[in-house]
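K.L.:
First the structure, then my questions, so here it is.
The values are calculated or read from the model by the stated rules, or taken from the named source; none is laboratory data. Computed from a predicted model, the values in this text were never measured in an experiment. In this analysis, Cβ positions are derived from the backbone assuming ideal geometry, glycine residues included, and neighbour counts consider all displayed protein chains. Surface areas here come from the heavy atoms of the whole protein model, side chains and all, with no ligands, DNA or RNA. Shrake-Rupley method; radii C 1.70, N 1.55, O 1.52, S 1.80 Å.
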Amino acid sequence: MNISLDLIQTTTLAAGLLLLGEFARRRIGFLQRFSIPGPVIGGFAFALAVLTLRETGVAQLELDTTLQEPAMIAFFTTIGLGASVSLLRKGGKLLIVYLLACWTLAILQNVVGIGMATALGLDPVLGVMAGAVALEGGHGAAAAFGPTAEALGTDGATAVAVAAATFGLVAGGLLGGPMASWLMRRHGVKVPSAAEVGNGPVEVEEREEPVGYGPLVNTAVLIGTVMVAGVALGTWFSEVTGFVLPTYVGAMIVAALVRNVGDRFGLRMHQGALTLVSSLSLGLFLTMAMMGLRIWELYALALPLVLLLAVQVIVLLLFVALVVFRVLGKDYDATTMVAGMVGHGLGGTPNAMANMDALNRRFGVRSEKAFLIVPLAGAVLIDIVALPWIVWCINAVA
């Protein structure tokens, strides 16, 4: 039996699954502890249900996910609108060092992924999917780049990327704290006093404001205009160069230009409205992406994918222990940032924040530098290099 859901039915179902996923994340301990996103919980649960119906011969479902791409482009547009160059000045030299480490890690993950995929007899594009796409980019990038890779002929790219991102979330949440604690013991890192690390909150952006009708409409118009220009840029670039530039990357580039030109002339964006649109667009697009996963395409890739990801984890741990910890100064701030890098280098920024918070609560002192630098570099500024590198790798090995 075939069951088809139209646009309205699919979108309503996605919203319901998003709500269910957020509820489960708040109520179930391990989901909250590993910072697994609500859209992933709800959408992946539905994908498992679809797999069960398919394997038992009960039914096959068809979804109309037309809104998935506009929501995806809107989300990446909000990311670009948050990429203010002026924020670089607030982190100082340590931010630059950490950001360079993030960029190096993104490059390294694709090199390792492509190398392992080739050695295991897999399509090299799958190595990119299980590299910087899934590990540095998380589920959002996995759901975004997967269809691009599949359009170039790599079957199962989305499923591989999402599976790798899920693995990374768990691994990043489990390993960040233990790695940081081991480095503290190994190098005799002393816990400073609260006064030495700067006690009190560090303001990176203005405080989030209440969102009213006017600011929401203004922000929606801005995002829509940037999306149109970004999609046009991506299409033009691909036609002129023959190099596939995903539409959402074009939108993010235009958005970053708009943000920094606006900063230059003192134009202010409503952060609350921007955050609201970002959260809603990410929730809908990621839920729909999870709902449409074809899990059965992973059967033949299970063992090679596990081996590939195991090597990725080993490389990351060696990188943070032998390189990142040392260049950051081998002190308490460096230790905290290492916990953060393991979190977002394998999973996502929420993992990074959770790792750092748990470590700092253990010792009773908060590293304000780490809580400023890690989310800024790991969630926003890393994409300046990571996204173009991912796009180049996909085109180069496809």
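K.L.:
Pairs needed: first member in region 362-384, free of Cβ contacts under 8 Å to residues at least 60 places away in the same chain and closer than 18 Å to Gly177 by Cα; second member anywhere, of a type in the set (Asp, Glu) and open to solvent by 10 Å² or more (accessible area, probe 1.4 Å); C-beta distance under 7 Å; at least 6 residues apart or different chains.
P.N.:
Partner pairs satisfying both residue conditions: Ala370/Asp333.
K.L.:
Please go through region 103-134 and pick out each residue that is surrounded by fewer than 24 Cβ atoms within 10 Å (Cβ to Cβ), in contact with a Ser or Thr (Cβ under 6 Å, 6 or more places away or on another chain) and in a helix (DSSP H, G or I).
P.N.:
Pro124
K.L.:
Looking at region 50-87, which of its residues are in a helix (DSSP H, G or I) and open to solvent by 50 Å² or more (accessible area, probe 1.4 Å)? Spell out the reasoning first.
P.N.:
To start, the set of residues in region 50-87 that are in a helix (DSSP H, G or I) comprises 50-55, 68-81, 87.
Correct list: Thr52, Leu53, Arg54, Glu55, Glu69, Pro70.
K.L.:
Moving to a separate point now. Run Phe30 past the list (1) closer than 18 Å to Ser281 by Cα; (2) free of Cβ contacts under 8 Å to residues at least 12 places away in the same chain and report the number of the one that doesn't hold.
P.N.:
That leaves (1) as the condition not met.
K.L.:
Please state which one of Thr166, Thr154 is modelled with pLDDT under 85 and of a type in the set (S, T, N, Q). Outline the logic, then answer.
P.N.:
Values: Thr154 fails: modelled with pLDDT under 85.
Being modelled with pLDDT under 85 and of a type in the set (S, T, N, Q) holds for just one of Thr166, Thr154, which is Thr166.
K.L.:
Taking Leu175 and the conditions (1) in contact with a Gly (Cβ under 6 Å, 6 or more places away or on another chain); (2) part of a helix (DSSP H, G or I), which numbered condition does it fall short on, given that it satisfies the others?
P.N.:
(1)
K.L.:
So Gly329 clears everything in (1) over 30 Å from Leu152 (Cβ atoms); (2) open to solvent by 50 Å² or more (accessible area, probe 1.4 Å) except one condition, right? Which one?
P.N.:
Among (1) over 30 Å from Leu152 (Cβ atoms); (2) open to solvent by 50 Å² or more (accessible area, probe 1.4 Å), the lone unmet condition for Gly329 is (2).
K.L.:
Let me ask something else about it. Report the residue count in region 255-272 for those that are in a helix (DSSP H, G or I) and open to solvent by 30 Å² or more (accessible area, probe 1.4 Å). Don't jump to the end; show me each part of the working.
P.N.:
First, the residues of region 255-272 that are in a helix (DSSP H, G or I): 255-264, 271-272.
With the extra rule that they be open to solvent by 30 Å² or more (accessible area, probe 1.4 Å), the set shrinks to 257-258, 260-261, 263-264, 271.
Residues flagged as in a helix (DSSP H, G or I) and open to solvent by 30 Å² or more (accessible area, probe 1.4 Å) within region 255-272 amount to 7.
K.L.:
Condition first: outside any helix (DSSP H, G or I) and either among the hydroxyl-bearing types (Ser, Thr, Tyr) or over 20 Å from Gly250 (Cα atoms) (or both). Now tell me which residues in region 135-157 satisfy that.
P.N.:
Going through region 135-157, the residues outside any helix (DSSP H, G or I) turn out to be 135-137, 152-156.
Matches in region 135-157: Leu135, Gly153, Thr154, Asp155, Gly156.
K.L.:
Then there's this: Of all residues in region 260-290, which are without any contact (Cβ under 8 Å) to a residue 24 or more places away in the chain, among the small types (Gly, Ala, Ser) and on the phi < 0 side of the Ramachandran plot?
P.N.:
Residues satisfying the conditions are Gly262, Ser279.
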